[in-house]
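**Student:** Below you'll find the structure I mean.
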Amino acid sequence: MKKTVGENLKMYRIKKGLSMEEAGKKIGVSAPAILKYERNKIVASLPRLEAFAKAYDTSVEEILNIDTSLVIKYDNIYFKEKTSNIKKENIKNYINTKIENYFNLLNLSGITLHNKFGVHLVNNKKEAQSLATKLRIFFQIPIDAPIHNLIYLLENHNIIILTVPKEVSEDLFLGFYEIINNVPVIVVPSAENGYEQRHLVAKYLGELLIMANGDKEELAESFAGSLLMPEKSLKTEFGDKRVKIHFNEIIAYSNTYKVSYKNVVKRLLEEEIITASNAKYTNIYINKNQIHEIAFTEEPYNYEKMLYKLIAQGLIKDDSKYI
C-alpha cells in the first residue's frame with residue numbers, strides 16, 4: 001500500500017510521544033482535526049505542514065515523503081551497439097534516480113501533472129504530418145512559425161524532459177521515452193549540437209503520441225520534421241519546386257527554425273521541393289566541407305526551478321540527493 005501524508009503525520013506524532021490532544025495544543029487545532037489530518041480528510045496547507053514539522057521535530061520534506069510507486073519499464077531506451085550491460089545499468093540507474101527525484105519534487109511542490117495528449121492512430125507520413133500540424137494549433141503556434149524553444153514549450157504542457165550528462169552517458173546513451181504515472185517522460189543525452197537534441201526530443205514526442213501498425217519510427221521521424229519545419233514554412237522560404245538552391249538559403253532557414261542543415265535538406269526532399277540528386281550533392285557538400293551550424297542549445301529548466309524554489313522555502317534542507 002502507498003504511504004500517505006496522513007500516515008506520516010501519525011508516525012511522527014507517535015515518535016514524538018504526543019497524544020492527539022497534546023499535538024493539537026502545539027499546533028493550534030483540536031484533537032478531532034489532528035485525526036482528520038492523519039486520515040487524509042483534510043489536506044494540510046504549507047504553513048500548517050511547517051507547524052506539524054516544528055511540533056514533531058522533523059521537516060516538511062519528510063512529512064511529504066510518500067511512496068510514489070513509480071514503475072519504469074524501460075521498453076523504449078536506446079544505446080549504441082556494443083554498449084556493455086554494466087554501462088547500460090549505470091545509465092538506467094541514473095535515469096531512475098532522476099525521474100524519482102522529479103516526481104518527489106512535484107509532490108513537495110504540490111504539483112500534479114497529467115497527460116494532455118493521449119495516442120493517435122497514424123497510418124502514413126501524411127497523417128503524421130497532419131498530427132504535427134494539429135499539435136502546433138494546440139500549442140497556439142502558427143503553422144509556419146519557428147518553435148523557438150521546444151523543451152520549454154513541452155515542459156509547460158506537462159511533459160517531463162530530462163538530460164543525461166556526457167560524463168554519465170559516455171556518448172553511448174541515445175534516448176528514452178515512456179508514460180510514467182500517466183505523465184509523458186522524455187530523456188535525451190546532453191548535446192553540444194542542440195539541433196540534433198531538439199530533433200530527438202521531437203521524434204520521441206512523436207513516438208509517445210503515435211500508435212501505428214507500420215514503421216512507427218519512420219512516422220515519428222516524419223512527425224518531428226513536420227513539427228519543427230512545417231510544409232508551409234518550407235514553401236514560403238524556398239518555393240514549390242527548385243532546380244538549384246544556394247547553401248546560404250539553407251543556413252538562413254536553419255538559423256531561424258533551429259534545425260540542422262541535413263534535416264532541412266531531408267525535409268526539402270520529403271516535400272519534393274528539391275530532387276534526390278539535389279539532396280545528395282548538398283549533403284556531400286556539407287560533409288566534404290565539414291560545415292557546422294551556429295552554436296545552439298536548449299535545456300530543461302523545470303527540475304532545477306522546482307528544486308531551488310523548495311530550497312528557498314526551506315522545504316528541502318539537504319539538496320545533495322537532487323543534484
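**Student:** Only sites in a loop by DSSP and with at most 14 other Cβ atoms within 10 Å count here; which trypsin sites (Lys or Arg not before Pro) in segment 1-98 make the cut?
**Tutor:** Passing sites in segment 1-98 are LYS2, LYS3, ARG39, LYS41, LYS73, LYS80, LYS82.
**Student:** Could I ask something else about it? Could you list the residues of segment 1-30 with an amide nitrogen less than 19 Å from a label point located 7 Å from the Cα of LYS36 in the Cα-to-C-beta direction?
**Tutor:** Flagged as within label range: 5-10, 20-30.
**Student:** Residues of segment 74-173: accessible area per residue at 1.4 Å, in Å²? The partial results should precede the final answer.
**Tutor:** Details: 5420 Å² over 100 residues.
I get 54 Å² per residue for this part.
**Student:** Then there's this: Please say if segment 42-131 is rounded, prolate or oblate, where rounded means a/c under 1.5 for a ≥ b ≥ c the square roots of the C-alpha gyration tensor eigenvalues, and otherwise the choice is prolate for a/b larger than b/c and oblate otherwise?
**Tutor:** Cα axes put segment 42-131 in the oblate bin.
**Student:** Relative to the present Cα-Cα distance, how much length would full extension add between SER130 and ASP171 at 0.36 nm per residue of separation?
**Tutor:** Net length gain for the segment: 11.4 nm.
**Student:** Now, a different point. Please list, by residue number, every one of the GluC sites (Glu not before Pro) in segment 33-88 that is coil in DSSP and has at most 12 other beta-carbon atoms within 10 Å.
**Tutor:** Hits after loop and neighbour filter: GLU81.
**Student:** Within segment 21-102, list the chymotrypsin sites (Phe, Trp or Tyr not before Pro) lying in a DSSP loop whose Cβ has at most 13 other Cβ atoms in a 10 Å radius.
**Tutor:** Answer in residue order: TYR74.
**Student:** Leaving out ligands and nucleic acids, and using a 1.4 Å probe, what accessible area per residue does segment 262-323 come to in Å²? Don't skip to the answer; put the middle values down first.
**Tutor:** Details: 3900 Å² over 62 residues.
Spelled out: the 1.4 Å probe surface of segment 262-323, per residue, equals 63 Å².
**Student:** Rounded to a whole number, what % of the accessible area of segment 131-214 do carbon and sulfur atoms account for, probe 1.4 Å?
**Tutor:** Carbon with sulfur: 54 percent of the solvent-accessible area.
**Student:** In a shell of Cβ-Cβ distance under 10 Å around PRO189, excluding PRO189 itself, what net charge do Lys and Arg (+1) and Asp and Glu (-1) give?
**Tutor:** With Lys, Arg at +1 and Asp, Glu at -1, the neighbours total -2.
**Student:** How large is the accessible surface per residue of segment 190-257, computed with a 1.4 Å probe and reported in Å² as a whole number?
**Tutor:** 44
**Student:** Report in % the part of the accessible area of segment 244-289 that belongs to carbon and sulfur, leaving out ligands and nucleic acids; probe 1.4 Å.
**Tutor:** 55
**Student:** Go ahead and estimate [θ] at 222 nm for the chain from helices alone: -39,500 (n - 2.57) per DSSP H run with n ≥ 4, summed, over the residue count, rounded to 500.
**Tutor:** After summing the helix terms and dividing by the residues of the chain, the value is -16000 deg cm²/dmol.
**Student:** Taking springs between alpha-carbon atoms closer than 10 angstrom, which of LEU121, LEU106, LEU227 fluctuates most in the Gaussian network model of the chain?
**Tutor:** LEU121
**Student:** While we're here: Going from most exposed to least, what order do GLU272, GLU299 have by accessible area with a 1.4 Å probe?
**Tutor:** Details: GLU272 115, GLU299 85 Å².
Highest to lowest solvent-accessible surface, that is GLU272, GLU299.
**Student:** If I model a spin label at LYS280 and LYS54 as a point 7 Å from the Cα along the Cα→Cβ vector, what separation in nanometres do I get?
**Tutor:** Roughly 7.7 nm, to one decimal.
**Student:** Report the gain in length on full extension from LYS116 to THR4: 0.36 nm times residue separation, minus Cα-Cα distance, nm rounded to one decimal.
**Tutor:** Extra length from LYS116 to THR4 when fully extended: 37.7 nm.
**Student:** Right, next: Evaluate the Kirkwood expression for the hydrodynamic radius of segment 251-323, namely the inverse of the mean inverse distance over all pairs of different C-alpha atoms, and round to one decimal in Å.
**Tutor:** Its Kirkwood hydrodynamic radius stands at 15.8 Å.
**Student:** I'd like the distance between the alpha-carbon centres of segment 11-37 and segment 81-142, rounded to an integer number of Å.
**Tutor:** If we compute the Cα centre of each part, the gap is 42 Å.
**Student:** Only one of the listed values, (i) 0.93; (ii) 1.10; (iii) 1.04, was derived from the coordinates as Rg/Rh (Cα atoms, Kirkwood Rh); which label is it?
**Tutor:** Matching entry in (i) 0.93; (ii) 1.10; (iii) 1.04: (ii).
**Student:** Can you sort MET211, MET11 by 1.4 Å-probe accessible area, starting with the largest?
**Tutor:** MET211, MET11
**Student:** Can you sort ILE141, ILE273 by 1.4 Å-probe accessible area, starting with the largest?
**Tutor:** So, going from the largest accessible area down, we get ILE141, ILE273.
**Student:** Carbon and sulfur atoms: what percent of the 1.4 Å accessible area of segment 1-101 do they account for? Kindly include the intermediate steps, with their values, before the conclusion.
**Tutor:** Numbers: 3160 of 6310 Å².
Of the solvent-accessible surface of segment 1-101, carbon and sulfur hold 50 percent.
The values are calculated or read from the model by the stated rules, or taken from the named source; none is laboratory data. No experiment lies behind these values; they were computed from the predicted model shown. Using ideal geometry, Cβ is built from the backbone for each residue, glycine included, and neighbour counts are taken over all protein chains shown. Just so you know, the surface numbers come from the protein's heavy atoms only, side chains and all, with ligands and any DNA or RNA stripped out. Shrake-Rupley method; radii C 1.70, N 1.55, O 1.52, S 1.80 Å.
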